Amino acid sequence: MPGESPSFGPDNVVFNLMKGLKKIAPDMSIDIITVRKDIDKSFIYTGLLPNVRVHYHSGFKFLPRCLQDPIIIRNFFQKNNFDIIHSHSPIALSQILNSKTPKILTLHGIYWKEKKFVKNPFLRLSFYNYNTYMFKKIFPKIDAFVAISPYVLDEITSMNICDQPPKMFQINNPIDDSFFTKTSYKENDNIIFYPAVIRALKNQVVSIDAINIIKNKIPDLKLTLAGSISEPKYFKKINSAVNRNNLSNIVKYVGKVSRDEMLNLYRKSSIVYLLSNHEVQPMVVLEAMATGTPVIASNLKCISYLVEDGVTGYLVNPNDYDKIAEYTLNLLSDKAHFLTMGKKAREYALKNFHSDLIAKQTINMYNEVLQSKTCGKSSF
């Protein structure tokens with residue numbers, strides 16, 4: 001909502017990128033459009049930064065986003081002129097493909113793989129299948145494509161969607177300055193933080209099994225779960241595991257938290273878990289590394305590009321709770337190892353994910369796209 005900084009998902013990426021862009025190019029004018037079902041009236045919010053306008057559009061509560069978002073966005077662009085359109089959703093571009101304005105897409109989800117972990121047939125059809133269809137449709141017609149991970153580049157290249165693909169750029173997700181602020185030694189040494197939307201894909205139940213193994217070996221052990229509940233049945237499964245193992249005094253669910261609360265939880269914690277069955281370039285891992293907090297994460301290809309196993313974090317089979325417990329015990333029992341791993345993680349994040357760096361790479365991309373279009377407008 002207005003005045004609030006997002007803490008999860010692509011909104012978080014856009015917020016960090018916007019702050020980086022304004023820092024590098026303060027005269028740049030940025031308009032952000034977002035369709036929301038939790039507001040009753042559309043409005044424009046200008047309180048974030050100078051020359052940044054966030055256009056909140058109210059959506060129809062019972063109409064799928066895949067149907068209403070493209071129409072709302074098309075109507076918006078018909079009333080405004082821009083140098084570049086940079087979308088973070090395939091369906092957002094579907095009704096404006098004929099526009100002469102250069103169009104760029106950043107893809108945040110590999111929909112055709114993620115849908116394997118979604119049981120709701122309507123959601124599979126209306127979101128995952130439709131986004132996959134729209135991505136394949138618009139990909140040949142955009143001017144540039146941003147892969148947030150080498151993993152995405154590999155996936156898109158292997159699909160061979162068209163003979164003449166758009167310009168391809170590999171630009172990481174940005175992490176804001178505030179996450180890199182050095183803090184004093186962590187006082188609450190035995191807190192494990194698991195920030196993720198509550199759903200089967202994120203695999204939080206395995207963390208309960210791991211904690212159960214070491215609960216009697218680590219004094220004052222705590223596991224904090226944070227994130228909105230996307231799948232209520234899965235949340236019940238988590239609670240059942242907590243109650244079955246008598247972990248109610250150890251495991252705490254704090255709901256969806258603000259950006260400031262999220263940062264505070266990272267700083268208090270000694271370890272961050274992310275044991276997902278699928279990811280693309282998880283902000284959780286990048287943010288944990290930026291705060292100098294060691295991660296224990298799934299040994300997915302995308303995460304292997306971020307974490308050097310045993311050096312800046314641990315990679316593990318996401319369902320191997322015995323190994324997760326072993327790595328957790330290693331870190332909590334050896335403070336020197338914990339501090340060294342956290343320091344190396346922070347150094348790597350600073351060199352690769354800081355929003356200043358990502359903003360510079362993004363502006364260079366904008367310039368290259370504008371020059372290739374030779375549209376006669378000044379570049380950023």
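The values are calculated or read from the model by the stated rules, or taken from the named source; none is laboratory data. Remember, predicted model here, so these are calculated numbers, not experimental data. Neighbour counts run over all protein chains shown; Cβ positions are idealised from the backbone, glycine included.
Put simply, of Leu223, Leu247 the only residue that is of a type outside the set (S, T, N, Q), part of a loop (DSSP other than H, G, I, E, B), surrounded by 15 or more Cβ atoms within 10 Å (Cβ to Cβ) and not assigned by TED's automatic domain parsing to the domain that holds Ile363 is Leu247.
Taken over segment 325-368, the criterion of being touching a residue at least 60 places away in the same chain (Cβ under 8 Å) and among the basic types (Lys, Arg) is satisfied by Lys335, Arg346, Lys360. Count of segment 252-265 residues, restricted to those that are among the hydroxyl-bearing types (Ser, Thr, Tyr) and modelled with pLDDT of 95 or more, is 1. Condition (residue is more than 30 Å from Ile84 (Cα to Cα), surrounded by 15 or more Cβ atoms within 10 Å (Cβ to Cβ) and of a type in the set (Phe, Trp, Tyr)) applied to segment 331-347: is it met by at least one residue? Within segment 331-347, one or more residues are more than 30 Å from Ile84 (Cα to Cα), surrounded by 15 or more Cβ atoms within 10 Å (Cβ to Cβ) and of a type in the set (Phe, Trp, Tyr). Within segment 250-261, restricting attention to residues that are assigned to a loop (DSSP other than H, G, I, E, B) and not polar (S, T, N, Q), the residue that is surrounded by the fewest Cβ atoms within 10 Å (Cβ to Cβ) is Gly255. Exactly one residue out of Arg74, Arg36 is assigned by TED's automatic domain parsing to the domain that holds Val14, among the basic types (Lys, Arg) and surrounded by 14 or more Cβ atoms within 10 Å (Cβ to Cβ): that is Arg74.
Of the strands (runs of 3 or more DSSP E) that lie entirely inside segment 262-380, those containing 2 or more residues that are of a type in the set (Gly, Ala, Ser) span 295-298.
Determine whether Ser240 is among the small types (Gly, Ala, Ser), in the same structural domain as Leu332 (by TED's automatic domain parsing) and either in a strand (DSSP E or B) or in contact with a helix residue (DSSP H, G or I) (Cβ under 7 Å, 6 or more places away or on another chain) (or both). Please lay out each step first, then the result.
On the way: among the small types (Gly, Ala, Ser): yes; in the same structural domain as Leu332 (by TED's automatic domain parsing): yes; either in a strand (DSSP E or B) or in contact with a helix residue (DSSP H, G or I) (Cβ under 7 Å, 6 or more places away or on another chain) (or both): no.
No, not satisfied.
One residue stands out among those in segment 262-275 that are surrounded by 24 or more Cβ atoms within 10 Å (Cβ to Cβ) and among the hydroxyl-bearing types (Ser, Thr, Tyr): the one that is nearest to Asn12 (Cα to Cα), which is Tyr273.
Being more than 20 Å from the chain's Cα centre (by Cα), outside any loop (DSSP other than H, G, I, E, B) and of a type in the set (Asp, Glu) narrows it down to one residue among Asp27, Asp31; which is it?
Going through Asp27, Asp31 in turn, the sole match is Asp31.
The condition (being among the charged types (D, E, K, R) and free of Cβ contacts under 8 Å to residues at least 60 places away in the same chain) is satisfied by just one residue among Lys256, Lys252, Lys268, Lys202: Lys252. Screening Ile211, Ile192 for residues that are touching a Leu at 6+ places or on another chain (Cβ under 7 Å), more than 30 Å from Tyr128 (Cβ to Cβ), at pLDDT 95 or above and assigned to a helix (DSSP H, G or I) leaves exactly one candidate, Ile211.
Counting only residues that are under 28 Å from Val54 (Cα atoms) and either in the same structural domain as Ile363 (by TED's automatic domain parsing) or touching a Lys or Arg at 6+ places or on another chain (Cβ under 9 Å) (or both), give me the helices (runs of 4 or more DSSP H) lying completely in segment 80-174 with at least 3 of them. I'd like the intermediate steps shown before the answer.
Values: elements: 111-114, 130-138, 150-159.
Once the helices (runs of 4 or more DSSP H) in segment 80-174 are filtered for at least 3 residues that are under 28 Å from Val54 (Cα atoms) and either in the same structural domain as Ile363 (by TED's automatic domain parsing) or touching a Lys or Arg at 6+ places or on another chain (Cβ under 9 Å) (or both), what remains is 130-138.
Can you tell me which residue among Ser228, Ser126 is surrounded by fewer than 18 Cβ atoms within 10 Å (Cβ to Cβ) and closer than 27 Å to Leu17 by Cα? Residue meeting the stated conditions: Ser228.
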